[in-house]
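Participant: Can you keep this structure in mind? I'll have questions shortly.
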Amino acid sequence: MNAEVQKEESMVLQKKMIGEHFETLSKAGESGRKVVYTFVPGNLNELILAFDLLPVHPEVNALQSGMRKLSGDYIQEAEKQGHSEDVCTYVKCDIGMLKKGNIGPTGEKLPPPDLLLLSYTGCFTFMKWFELLKQEYGCPVVMLQVPYQAEGKITASQREFVARQLRDVVVPALEQVSGKKLDEDRLKELLASSARAEDDLVYVWESAKHKPSPIDAYFGGVYYIGPIFTAFRGLPSCEAYYRELRREVDYRIAHGMGPTTPEGELRQQKYRIVVEGPPNWTSFRDFWKIFHDEGVVMVASTYTKVGGLYEQGFRHDPARPFETLAEYCLGCYTNRNLPARVDIIAKYVEEYEADGILFNSIKSCNSFSAGQLMMLRELEKRTGKAGAFIESDLVDPRYFSAANIKNRLESYFQMLEAKRQAA
Amino acid sequence: MGTQDIIDRCERIYRDLDFGYVHEWKARTGGKAVGFMPVYVPRELIHAAGILPVGIMGGGDDVEIIRGDAYFQSYICHIPRSTVELGLAGKLDVLDGMLFPAICDVIRNLSGMWQMMFAHKYVRYLDFPQTFNDAGREFYRAEMAELLVDLEALSGIQATPERLNASIALYNANRRALAELYDLRSAEPQRVPTSELYLLLRAGNVLEVSEHTAMLQQYLAAARVSQRPLRDNVRVVASGLFCEQPPLSMVRAMENSGCYIVDDDWVLGARYQLHDTATGANPLGAIVDAYMSDTVATATRYVEGDDKGAFLVEQVRSRHAEGVIFAAASFCDPALLDRPMGQKALADAGIPYTAFTYSENTGQVQVIKEQAGTFADSIKLWGAVA
Ligand code: SF4
Ligand code: SF4
């Protein structure tokens with residue numbers, strides 16, 4: 001395997017953005033900038049930026065710790081402190097990191113939160129996670145409850161509930177911590193910028209309809225969502241990133257090229273797969289390589305939609321700032337009911353002309369995993385495509401069994417081959 | 001009737017996974033029945049629409065999981081798989097609908113599975129606000145009003161304010177009888193063995209509320225005069241068992257380990273509120289108010305402010321308990337994520353605790369008995385656990 005993922009301009013840009021962000025964070029104490037910890041799904045980045053606050057996303061720190069092989073130690077640290085083996089490993093990784101000095105992904109110390117902004121959407125664990133952090137940091141928490149799309153649609157009462165909490169509870173809390181009044185014009189500007197970046201991201205997702213696909217919408221996709229799902233949505237740097245990414249994709253389409261992977265360009269694309277569920281971070285590159293070696297390209301994935309399903313039409317709308325933020329929070333992937341999730345995947349299979357469906361079921365994430373076996377069964381019935389089901393974990397290295405996963409996938413690829421021959 | 005006859009009846013109801021009582025009640029009254037998952041649903045609304053609310057608590061240790069395991073990976077708690085098993089085996093056909101309260105992601109996703117599996121049945125997910133302010137109140141009121149419209153359509157009976165008030169009064173009486181039962185157990189634990197109290201609670205999942213209240217009163221009268229010796233047991237609170245229920249054998253094992261359980265959080269939906277719901281001109285509003293401002297602090301409910309764990313500490317104090325047993329269903333996110341916070345609050349208050357996990361079909365109750373026994377012994381010896 002190559003030592004480094006082949007670098008493209010967009011990747012350089014992203015690295016720079018992240019580096020600068022963490023540097024700013026590490027200096028927050030000296031500069032007096034206030035820090036808000038919040039979650040990726042349903043994140044209110046534009047609102048946070050409108051107050052000139054600095055966002056921190058504990059899930060991102062956890063996944064970065066996973067990729068840097070630090071998560072195992074952190075998780076054990078949390079378990080030593082009395083946390084159960086059975087629960088979400090992101091939480092334990094985060095708490096372990098905190099106990100070991102809160103050194104962030106760039107090696108610099110993270111500032112403690114001035115506010116915990118609990119956007120309680122799509123996952124029950126979020127609520128417990130911030131209750132736990134509140135005990136650690138003793139800082140205020142503001143709870144934004146986002147109802148679940150149990151009927152597969154957003155109702156007027158749900159939208160109003162979230163918008164009202166934003167106005168009545170979240171904005172005052174942000175005003176308090178920042179010492180500033182909300183500047184609604186600034187918020188609108190940020191939202192308009194978000195929408196432009198979102199247009200480019202959708203273009204990138206849809207490019208996977210090409211054959212060969214110029215992107216890998218899962219392994220590559222997790223890099224593509226970095227800026228838009230975290231601290232940058234709403235900023236010019238985010239727009240610039242997606243413009244550049246789109247340009248690169250256009251270049252690859254024009255030259256009939258596949259995506260860039262750690263093993264170089266994926267030229268031979270034998271199978272096109274849709275993926276459900278988060279990736280494994282501790283063995284991310286090994287995991288990717290299994291697919292690369294078999295000529296598998298991921299043409300669509302659900303994990304890359306946890307922070308917004310833009311390709312289904314949603315855009316941040318500066319004309320309705322609170323309502324649009326409410327719809328954004330309500331619309332994230334795991335906030336949709338299982339029938340809706342099945343519909344989304346079935347649509348991907350059809351639109352992206354996929355050969356199969358892969359479920360990576362995450363041991364400690366009930367939000368994604370509970371019910372996935374049934375989803376898979378429904379999808380096989382509806383699409384006639386073969387599905388594969390593997391199990392791993394996000395950041396707990398104890399739960400990634402490379403040999404098992406490889407075996408299972410090899411038989412799956414053989415099945416796809418047999419299906420193709422029979423067709 | 002003596003306590004034993006009542007408890008025998010409760011145990012028959014507990015073991016009857018065909019829901020014979022519900023069949024019989026429907027035949028007798030011509031009414032409908034709607035199931036609900038633990039923890040809390042406003043049973044008053046269901047009752048007022050002429051529907052029997054039926055608490056579904058998985059299959060316990062009596063159901064063999066054959067189909068349910070094909071629906072859930074091994075690292076998901078047990079209650080959804082045994083509930084699916086009951087559903088697929090047709091044992092829940094007697095229910096005209098199912099309600100899935102917002103407890104956790106497993107129950108949330110189970111609601112979607114139910115929508116797909118039983119497409120012809122009424123299925124509703126009940127979102128409970130976790131923000132206890134005006135926005136939350138209005139949202140909840142709208143949710144409840146919608147639920148009521150659905151229930152009325154299902155039964156063909158209008159839940160008029162009179163009917164709502166009558167149902168509220170019946171559930172108030174039931175909660176009072178349960179509170180009396182809990183108080184008696186705490187005051188004289190030898191008179192109300194925990195396994196009996198547990199069976200009485202479980203019967204309340206199924207029986208029509210007035211019938212259940214009458215049963216509780218009969219039991220209370222008989223228990224007050226029962227002759228059972230007081231043992232030198234340690235008084236403990238059991239915490240974390242609000243959803244997937246422990247098997248009866250485990251409840252008995254805990255009780256026979258040298259512990260008197262003097263408070264607990266199983267079958268919590270029946271005791272979710274602390275006081276009466278008001279009756280009057282605005283019964284729906286009163287039900288909403290009761291949820292918003294008068295409920296227990298459990299893991300599935302967001303606790304604002306700085307008093308995480310205070311409720312548990314208070315429970316220990318008011319019941320004069322000497323320690324806490326944290327028991328959680330394996331893989332139960334709400335209970336297990338909450339536990340370190342409860343433990344911290346107890347440690348700060350100098351209250352000893354022990355912790356273990358179980359599942360509804362746990363066979364190894366001996367291990368649990370030993371652990372609870374060791375805990376009881378150490379409290380007796382040292383007054384605390386090292
Ligand atoms: S349970 Fe899943 S969605 Fe929730 S915090 Fe953990 S990894 Fe994220
Ligand atoms: S036992 Fe726990 S995790 Fe399982 S359904 Fe109940 S609350 Fe959820």
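Participant: Please list 3J(HN,Hα) in residue order for the stretch A:184-200, calculated via the Karplus relation 6.51 cos²θ - 1.76 cosθ + 1.60 where θ = phi - 60°; whole Hz, with x for glycine and proline.
Facilitator: 5, 5, 4, 4, 5, 4, 4, 5, 5, 5, 4, 4, 5, 5, 4, 4, 5
Participant: Based on Cβ point charges of +1 for Lys and Arg and -1 for Asp and Glu, what charge dipole magnitude is obtained for the stretch B:127-223 about its Cα centre, in debye rounded to the nearest 20?
Facilitator: Numbers: 8 positive and 14 negative charges, 82 e Å.
It comes to approximately 400 debye.
Participant: Work out the mean other chain Cβ neighbour count within 10 Å for the residues of B:344-355 and drop it here as an integer.
Facilitator: Details: counts 4, 1, 0, 1, 0, 0, 0, 0, 0, 0, 0, 2.
For peptide B:344-355, the averaged partner shielding equals 1.
Participant: For a quick check, take a GNM of chain A with Cα springs below 10 Å and name the residue from A:Glu46, A:Glu198, A:Glu85 with the largest mean-square fluctuation.
Facilitator: For chain A, modelled as a Gaussian network with Cα springs under 10 Å, the answer is A:Glu85.
Participant: If r is the Cβ-Cβ distance from B:Ala119 to A:Glu351 and R0 is 30 Å, what FRET efficiency results, to the nearest 0.05? Before the final figure, lay out the partial values.
Facilitator: Numbers: r = 25 Å, r/R0 = 0.84.
So, using R0 = 30 Å, E works out to roughly 0.75.
Participant: As a test of the formula, what do you get for chain B when each DSSP H run with n ≥ 4 contributes -39,500 (n - 2.57) and the sum is divided by the residue count, at 222 nm and rounded to the nearest 500 deg cm²/dmol?
Facilitator: Working: 14 runs with 190 residues, N = 386.
That comes out to -16000 deg cm²/dmol.
Participant: Residues with amide H under 5 Å of B:Val234's amide H, sequence separation 5 or more or different chain, H placed in the peptide plane at 1.01 Å from N; which?
Facilitator: HN-HN under 5 Å from B:Val234: B:Cys259, B:Tyr260.
Participant: In what sequence, largest accessible area first, do A:His21, A:His316 appear using a 1.4 Å probe? Show your work: numbers first, answer last.
Facilitator: Numbers: A:His21 25, A:His316 5 Å².
So the residues, ranked largest to smallest area, are A:His21, A:His316.
Participant: For labels at B:Arg317 and A:Asp293 in the simple 7 Å Cα→Cβ model, what's the distance in nm?
Facilitator: 6.2 nm
Participant: For B:Tyr125, which sequence-distant residues (separation of 5 or more, or a different chain) have an amide H within less than 5 Å of its own amide H, given hydrogens modelled in the peptide plane?
Facilitator: Correct list: B:Phe100.
Participant: Shape verdict for the stretch A:330-379, please, from the Cα gyration tensor: rounded (a/c under 1.5), prolate (a/b greater than b/c) or oblate. Don't skip to the answer; put the middle values down first.
Facilitator: Numbers: a/c = 1.97, a/b = 1.33, b/c = 1.48.
It is oblate, given that a/c is not under 1.5 and a/b is not larger than b/c.
Participant: Hey, got a sec? Which trypsin sites (Lys or Arg not before Pro) in the stretch A:78-159 land in a DSSP loop and have at most 15 other Cβ atoms within 10 Å? Please list the in-between numbers first.
Facilitator: Details: sites: A:Lys80, A:Lys92, A:Lys99, A:Lys100, A:Lys109, A:Lys128, A:Lys134, A:Lys153, A:Arg159; in loops: A:Lys100, A:Lys153.
In loop regions of the stretch A:78-159 (DSSP not H, G, I, E or B), the sparsely surrounded trypsin sites (Lys or Arg not before Pro) are A:Lys100, A:Lys153.
Participant: Taking 0.36 nm per residue of separation and subtracting the Cα-Cα distance, what length does fully extending A:Glu79 through A:Asp185 add?
Facilitator: Values: separation 106, 0.36 × 106 = 38.16 nm, distance 4.63 nm.
That works out to 33.5 nm of additional length.
Participant: So who's got an amide H within less than 5 Å of the one on B:Val34, skipping anything under 5 residues away but keeping other chains? H placed 1.01 Å off N, in plane.
Facilitator: Amide H neighbours of B:Val34: B:Leu52, B:Val54, B:Asp96.
Participant: Let me spell out the model: positive unit charges on the Cβ of Lys and Arg, negative unit charges on the Cβ of Asp and Glu, origin at the Cα centre of the stretch B:1-80. What dipole size does that give, in debye rounded to 20? Present the calculation step by step, with values, prior to reporting the outcome.
Facilitator: Values: 8 positive and 11 negative charges, 84 e Å.
Charge dipole of the stretch B:1-80: 400 debye, to the nearest 20.
Participant: Convert each backbone phi in the stretch A:279-285 into a coupling constant with the Karplus relation 6.51 cos²θ - 1.76 cosθ + 1.60 (shift: θ = phi - 60°), then list the ³J(HN,Hα) values in order as whole Hz, x for Gly and Pro.
Facilitator: Running phi through 6.51 cos²θ - 1.76 cosθ + 1.60 with θ = phi - 60° gives x, 8, 8, 5, 10, 3, 6 Hz.
Participant: Shifting gears a bit: If you average the C-alpha positions of the stretch A:183-208 and of the stretch A:271-293 separately, how far apart do those two centres end up, in angstrom?
Facilitator: When both Cα centres are located, 28 Å separates them.
Participant: If I model a spin label at A:Ala402 and B:Ala278 as a point 7 Å from the Cα along the Cα→Cβ vector, what separation in nanometres do I get?
Facilitator: Reported label-point gap for A:Ala402 and B:Ala278 is 6.6 nm.
Participant: Efficiency by 1/(1 + (r/R0)^6): what FRET value for B:Met1 and B:Lys380, r their Cβ-Cβ distance, R0 = 45 Å, to the nearest 0.05?
Facilitator: Numbers: r = 36 Å, r/R0 = 0.81.
With R0 = 45 Å, the Cβ-Cβ based efficiency is 0.80.
Participant: Nearest 500 deg cm²/dmol is fine: what mean residue ellipticity at 222 nm does chain A get from its DSSP H runs of n ≥ 4 alone, each adding -39,500 (n - 2.57), divided by its residue count? Let's see the in-between values first.
Facilitator: Working: 19 runs with 212 residues, N = 423.
The per-residue figure over chain A is -15000 deg cm²/dmol.
Participant: Under 20 Å from the Cα of A:Lys406, which aspartates and glutamates turn up, not counting those fewer than eight places away in the same chain?
Facilitator: A:Asp216, A:Glu263, A:Glu276, A:Asp286, A:Asp293, A:Glu294, A:Asp355, A:Glu391, A:Asp393, A:Asp396, A:Glu417
Participant: Which residues in the stretch B:208-236 place their backbone N less than 17 Å from a point set 7 Å from the Cα of B:Arg176 along the Cα-to-Cβ direction?
Facilitator: The answer is B:209-221.
Participant: For a test of the definition: using alpha carbon positions, the gyration tensor, and the 1.5 limit on a/c, classify chain B as rounded, prolate or oblate. Before the final figure, lay out each step's value.
Facilitator: Working: a/c = 1.40, a/b = 1.39, b/c = 1.01.
In terms of gyration-tensor shape, rounded.
Participant: Taking only Cα atoms and a 10 Å spring cutoff, compute GNM fluctuations for chain B and point out the largest among B:Gly156, B:Gly60, B:Gly309.
Facilitator: B:Gly156
Participant: Can you give me the C-alpha center-to-center distance between the stretch A:237-260 and the stretch A:49-63, rounded to a whole angstrom?
Facilitator: The stretch A:237-260 and the stretch A:49-63 have Cα centres spaced 26 Å from each other.
Participant: Running a GNM on chain A with Cα contacts under 10 Å, which residue among A:Gln135, A:Gln269, A:Gln165 ends up with the highest mean-square fluctuation?
Facilitator: Its mean-square fluctuation being the largest, the pick is A:Gln135.
Participant: Subtract the Cα-Cα distance of B:Asp307 and B:Glu162 from 0.36 nm times their separation in residues, and report this length gain in nm to one decimal. Don't skip to the answer; put the middle values down first.
Facilitator: Working: separation 145, 0.36 × 145 = 52.20 nm, distance 3.84 nm.
So the chain would gain 48.4 nm between B:Asp307 and B:Glu162.
Participant: Once phi is turned into θ = phi - 60°, what whole-Hz ³J(HN,Hα) does the Karplus curve with 6.51, -1.76 and 1.60 give for every residue of the stretch B:256-263, x standing for Gly and Pro?
Facilitator: 8, 9, x, 10, 9, 7, 9, 7
Participant: Can you give the mean number of other chain Cβ atoms that lie within 10 Å of the Cβ atoms in peptide A:81-92? Don't skip to the end; give the middle numbers.
Facilitator: Values: counts 3, 7, 4, 12, 4, 13, 9, 4, 0, 0, 2, 1.
That average works out to 5.
Participant: Let me ask something else about it. Answer rounded, prolate or oblate for the stretch B:1-130, using the Cα gyration tensor with square roots of eigenvalues a ≥ b ≥ c: rounded when a/c is under 1.5, else prolate when a/b is larger than b/c, else oblate. List each step's numbers first, then the result.
Facilitator: Numbers: a/c = 1.59, a/b = 1.22, b/c = 1.30.
Here the stretch B:1-130 falls in the oblate category.
Participant: Moving on. Evaluate the charge dipole of the stretch A:153-201 about its Cα centre and quote only its size in Debye, nearest 20, assuming +1 on the Cβ of each Lys and Arg and -1 on the Cβ of each Asp and Glu.
Facilitator: Using Cβ point charges on Lys, Arg, Asp and Glu, the stretch A:153-201 gives about 220 debye.
Participant: Be a star and scan the stretch A:116-157 for residues whose amide nitrogen sits under 16 Å from the point 7 Å along the Cα-to-Cβ vector of B:Asp150.
Facilitator: A:147-157
Participant: If you don't mind, there's one more thing I want to ask. Please work out the Cα center distance from the stretch B:288-316 to the stretch A:319-375, rounded to the nearest Å.
Facilitator: One Cα centre to the other: 32 Å.
The values are calculated or read from the model by the stated rules, or taken from the named source; none is laboratory data. None of these values were measured; they are calculated from a predicted model. Here the Cβ is made from the backbone with ideal geometry for all residues, glycine too, and neighbour counts use every protein chain on show. Side chains are part of the model used for accessible areas, which takes the heavy atoms of the whole protein and leaves out ligands, DNA and RNA. Shrake-Rupley method; radii C 1.70, N 1.55, O 1.52, S 1.80 Å.
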